[in-house]
Structure formats: structure tokens, C-alpha cells
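Have a look at the structure below before the remarks.
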Amino acid sequence: MSNNRHADSAQPTVVEGAVPADFDLGAVRAFVAITEERYFSEAAVRLGISQQAISKRIAKLEADLGLRLFFRSRNGAGLTEDGRAFLPHARALTGIADQALEALRGRRRALRVDVLDTRLASIDLIRAFHQAVEGADIDIVTSDGFRTARVSLAHGLVDAAFGRISGTLEEDLGALPAYLEPLHLLVAAGHPLAGRSRLRMAELSGTTAWMPGNTEGSEWAEFYRFLGAEFGITMDTSGPDFGYEHFVQEIAANRRVSFIGESTRVPWHPDTVRLPLVDPVPVYPWWLLRHQQNPHPTLGLLAAHVTDACPPYDPRRQWLPEPDRAAFPRP
């Protein structure tokens, strides 16, 4: 045995002309496990890998170092002199790696979800998920829709976004259909339509709907262009858009009409009325947009929740723009 140790110690500790190798952390962990278990087979069990795999890791580590780290005997694997010299450094390497992982686990952040506005249906979707999944930590970020949300997702500034898909998505982005929100008509209490309990879409032909928030280039402005073309409705996008309070006051004071989502929480006003729309029910499509490579653990849970909760699209009683129809499930 002493002759083996002497032969091992005679090996050079520096290989002349060799380039220092980048350590394979898995191989270093295997080295430490073998020194503590003494047998390759026991160390393999501890690491959850095969004995062949652990032998390959050690062979590669020895090749990278240009040193022999172990000798084998009846009592298991013993350290050579070079192996003993390497052991404290190997333990330091694995210890630093473990500390780094623990620090990152401690810094696990909330899931950042982008929404257009906190008064819209997307907030209800997020709230339902938060109530269904215990411990889900969420931060809400507001933007001006998918035009900027796409950039934020690409740069990791947000993890997910809710809105309507418009145009072709970038290859690294994925979208899941999330919700179909029925539309209502908001009218002044003095408007001729205000006394109705609901309105058929055909009755709105020739109507002008005031939509000051329909920003040119936005996905919702495109949706209402499709809606107007389908049912003969003119969209008046003149502004300025001073917010929901001013919007509701203008509807009431000037006997205007406008479309809003069923879940949209506009300020209450005594001189406005919300009317459901039927035959067909126009529905606004909400999607969940995410980056395909985002590893946040809560993101997968949100995606699964959205998929399970998404209602089907029924073309017999609902209306969607043609580009949105194919992706939503059918009854």
C-alpha cells in the first residue's frame, strides 16, 4: 500500500503547458462524496446516479487535473497525496456553490404580471388564481398593453402579461387563451336605448360609439375596428382620454354610448346605464402571454390555472373577430 502512495505522490502536481480546466461541479461533488463514503457505489447512491456515471465523473476530473486522486483497496477508495491536497479546496467549491444556491432561493421574487389597467377583467383572473393557489406571491405591473409588454417579457422585466394578441408573436413568446369577456353598452340614462334590459347587436347598426381610449396601434383598437365593421358601428376615438371618471361623466352629460367589458369597474354614476349585448354576445378575448424560457415556478401554476378555467367559444351565440377564433376551445 505504501508503494502505491509513493508512486501516486511521485506524479507531478502541475502539468507543464496544460491550460487550467473549468471544473465540472458535478465531478467535484462526486469526489467529495467518495471521500466521505469510501465506496464509489455508496457515493453513487447518495448522489442519485449510477456507479458507472460517478466513475466517469472522476475519470474526467482526474483527466482535467492531470492527477490521480484515488487508489482502490479492499477497504474502498483511498485518497492519493494529490487527492488529500485537493480535498479542502473541493469542499470549499461545493460549499460556495451551495451557499450561492441558498442565497438565490432566499431571493425568490414575486411573479410579476403585466396588466393594462387594474379595473379590467385581467385583475379578476389574477385574483382568482391568487385565491386558488396558496402562497402565490404576485406583483402587478401596469403598461399600455402588449405593445410594451412584449418588450418587458423579452427583457425579463415581467413574467406574464394579460391582453389580446394582435399580429405575429416573437418565437420565444407563448400565448394561452385565458378568458372571453362579454361586452356591455354604457349609455346615458336619458338615451333612447336606456330603458332596455338588453340589446341585440343588429339594433346598433348606424350607431356611433365614443371610444376615447382606443389608442391607434393598440390591440383593443383593432378589436373594435373588427366589431364596427361587422355590425355597422362607427367608432369615435376623439379625446382626450382623461380617465374613467371623466369618461363616465361625458357619457352621462352628452348622451353618448360606449362599449365596456362586463367586468370593467367604471365609477358609478346615477345618469348612466349598462346594457348587456346579445344575438350574438360580442366577447373580448384575453390571453396570457409569457416567455417560453422563463423558469419562475409560479408561472407554470398560473398557466395551468388559466388553461383549466378558460371558457369555450360558442359561435352559435358569441362573436369574436375572425383572427381570434381558432385558438379558443369550442364546447
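The values are calculated or read from the model by the stated rules, or taken from the named source; none is laboratory data. This one's a predicted model, so the numbers in the text were calculated from it and none came from an experiment. When we count neighbours, we look across all protein chains shown, and the Cβ atoms used for this are built from the backbone with ideal geometry, even at glycine.
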State whether the residues of the stretch 94-103 include one that is in contact with a helix residue (DSSP H, G or I) (Cβ under 9 Å, 6 or more places away or on another chain) and either loosely packed, with under 11 Cβ neighbours inside 10 Å or at pLDDT 80 or above (or both).
yes
Scan ARG109, ARG68 and give me the residue that is closer than 30 Å to TRP287 by Cβ and assigned to a loop (DSSP other than H, G, I, E, B).
ARG109
Based on what the data block shows, is ALA128 small (Gly, Ala, Ser), in the same structural domain as PRO297 (by TED's automatic domain parsing) and in a loop (DSSP other than H, G, I, E, B)?
no
Being β-branched (Val, Ile, Thr) and closer than 24 Å to ASP324 by Cβ, is that true of even one residue in the stretch 243-260?
yes
Output the residues belonging to the stretch 206-222 that are in a loop (DSSP other than H, G, I, E, B) and within 40 Å of the chain's Cα centre (by Cα).
THR207, MET211, PRO212, GLY213, ASN214, THR215, GLU216, GLY217, SER218
Would the stretch 7-17 turn up any residue that is at pLDDT 90 or above and either assigned to a helix (DSSP H, G or I) or surrounded by fewer than 12 Cβ atoms within 10 Å (Cβ to Cβ) (or both)?
no
For residues in the stretch 154-202 being among the hydroxyl-bearing types (Ser, Thr, Tyr) and at pLDDT 90 or above, which is surrounded by the most Cβ atoms within 10 Å (Cβ to Cβ)?
TYR179
So which pairs qualify, if the first residue must be in the stretch 85-102 and on the phi < 0 side of the Ramachandran plot and of a type in the set (Lys, Arg), the second must be part of a helix (DSSP H, G or I) and at pLDDT 90 or above, the Cβ gap must be under 8 Å, and the two must be at least 6 apart or on different chains?
ARG91/VAL32
Check every one of the strands (runs of 3 or more DSSP E) wholly within the stretch 223-329 and list those with 3 or more residues that are crowded, with 17+ Cβ neighbours inside 10 Å.
257-261, 272-278, 281-291
